[in-house]
Amino acid sequence: MLRVHSERISRRLFFLMLIIVLSLCCISIPLIISSYNNYGKAELASVEIDNLAIIADLANKISRERGPSNLAMSSTPEELDKNLNELYEYRKTVDQHIALSFTAIENAGLKNFDSLKIELEKKLSIGRKNVDDYIQTPFEQRSSTQLTKTIYSMFDAWDATYNVLKKMVMLSENKDSAVSDYYTLILILSDLRDQAGRVASNVMADVTFAVPMSNESVARALQSQKQVIYLWDLVNTIQPETDKTSEFIERHKKVKTEFIDQGLPLVLRLIDESNQGQAYSLKGTELTQEISGKFATVIDFQKYLLDYSIEIAQKDKQKALRQLMLNATVTLISLLAAIFTMIYAQRKVFAPLIEARDMIVELSYAYSRAGSDVVEHEHLKVYSLYDALQKLQQMLKQRDAFEFELKSIANTDKLTGVSNRLALEEYIKFSDMIPNHFDDVGLIVIDIDNFKHVNDHLGHIFGDEVITAVASCLKRCVRSTDLVVRFGGDEFLIVLESIEMDRALTTAEKIRNAVNSVDLYDPDRNENLHVSVSIGVAVGAEDWKTLLDKADKSLLQAKANGKNTVSGAS
């Protein structure tokens, strides 16, 4: 019986040890699995960003090919051979990079890129053929129209590359992870770099042939400039504040100082010279060389952010790996400690106690057999004592799953809640495809009177309150189908479909009166600030640019009339 009871205690101890080990496994295994999954996601994100950077670099190289192409097409006979050699050497570099890029895509296990590769090679081949045909055309037979068409065909090649980049982002499995900002940044940076290169390319043909710029060339150049400035600002907005290093800030300012403030005005000057009928101050080759020097800051800025995004992905991968190793190590140590503790307790604590108890029971039996007056036990009941069970370790909190949605490029102004310039550009792009669309479209341009005085004397925070209050008035005073756009700091546009001048003027007066009723309290001066606006109205035009010009002239007339007025032109 003693042996049976001792075996029972041993079995209980074994089961207790097994329960503790299984409990540790239940806690640790899910934690290790979660850490392993997080590491897998981080590793995949690192690979995906590497591949995105490779395709972004390819897009840059294809975009950059326009430089030597433009230089060769605008060369004099004396410069042609040298510039042609540079162009052909650069094409070899691009072709090699195309092969390497799609090999990297294939090695990453990404499927269904063959059609995009074929489309890219087709568009690039067409663009290059147009460039070669133009170069082989005798100088006396060349025209600005032919050169423009050739330049635009090279734009198509870059657009095909950008489609590859966008598809890679869509197929990325970690586009909702913590590093997804950098997926968006890579797209934006590629677009920024290409749009910056297009600024001069759009007017290259007219400058090369010294002819007045076409409306299409001017519109494309101005649109590219607006896109460059927008994307440049967007990068600053998307980049997390914690990642805005001193180097980021310095390079961001360099783009502003050297390219936006110095490079873009070169093209604006040429446009102004064309509008005034003056001879161009630069030749085609000179324009390419001048803008390329300023353009270097954009390339440096892009390269820095691409390298930085790769570095962030690598750091996240290393962090996830460290966490996985830490969890695995803690789990192993905990299991070994539990097993060691149980074995030690069994051998050094319970075994001596059981042995002592057995000895006492044997002595008791011996005493019972030796004593004549001692009643012999019919049944012996022995109750074993156990040391307190070790407390189970608390389950470690599992790390939250990485959550983040791909920030889409917002069409809404963050401060006011109305549409922004990107939404307006999308509207214009759509409307341009509809014949005579702007014949009955109305445009109201609103400018807050003396807004600079408000910012300078009452501060930008109060200025934001003024802008927000005016925006609220606009939304209340227009139809739900009308498009309200914050066009600048204190300037708003309202696009009204299918409207006549009298109704547009009535709406403008309604807005003016609504704003006039707004009084904002200034606690610092203990007074109310009266807000007013000047409004220009235009209805009907051949295209958007003409309609905007008419509305701007009406706004200038309203200001000339003493502000807080409405002026319109049909």
message = Can you find a residue that is touching a residue at least 12 places away in the same chain (Cβ under 8 Å) and on the phi > 0 side of the Ramachandran plot anywhere in region 546-556?
response = no
ask   = Consider Thr285 against the criteria (1) over 20 Å from Tyr183 (Cα atoms); (2) part of a helix (DSSP H, G or I); (3) modelled with pLDDT of 85 or more: it satisfies all of them except one. Which criterion is unmet?
value = (3)
query = Which condition number in (1) buried (at least 16 other Cβ atoms within 10 Å of the Cβ); (2) more than 16 Å from the chain's Cα centre (by Cα); (3) over 30 Å from Thr148 (Cα atoms) is the one that Gln318 fails?
reply = (1)
Odd one out for Gly442, checked against (1) of a type outside the set (D, E, K, R); (2) surrounded by 15 or more Cβ atoms within 10 Å (Cβ to Cβ); (3) not assigned by TED's automatic domain parsing to the domain that holds Ala551 = (3)
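Select the helices (runs of 4 or more DSSP H) contained entirely in region 60-154, then report the ones holding at least 1 residues which are touching a residue at least 12 places away in the same chain (Cβ under 8 Å) and of a type in the set (Val, Ile, Thr). Break it down into steps so the answer makes sense when it comes.
On the way: elements: 66-73, 77-107, 114-136.
Output list reads 77-107, 114-136.
When you look at Gly540, is it on the phi > 0 side of the Ramachandran plot and touching a Ser or Thr at 6+ places or on another chain (Cβ under 7 Å), yes or no?
On the way: on the phi > 0 side of the Ramachandran plot: yes; touching a Ser or Thr at 6+ places or on another chain (Cβ under 7 Å): yes.
Judged against the criteria, Gly540 is a match.
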note = Note on region 451-471: residues in contact (Cβ under 8 Å) with a residue 40 or more places away in the chain and not charged (D, E, K, R) are Val454, Leu458, Phe462, Val466, Ile467, Thr468, Ala469, Val470, Ala471
query = Can you tell me which residues in region 332-364 are at pLDDT 70 or above and either over 26 Å from Arg12 (Cβ atoms) or surrounded by fewer than 18 Cβ atoms within 10 Å (Cβ to Cβ) (or both)?
reply = Leu332, Ile333, Ser334, Leu335, Leu336, Ala337, Ile339, Phe340, Thr341, Ile343, Tyr344, Arg347
query = So which of Ser101, Ser115, Ser63, Ser75 is small (Gly, Ala, Ser) and over 30 Å from Glu173 (Cα atoms)?
reply = Ser75
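The values are calculated or read from the model by the stated rules, or taken from the named source; none is laboratory data. Just so we're clear, the structure is a prediction, and the values are computed from it rather than from any experiment. We place every Cβ from the backbone using ideal geometry, glycine too, and count neighbours over all the protein chains shown.
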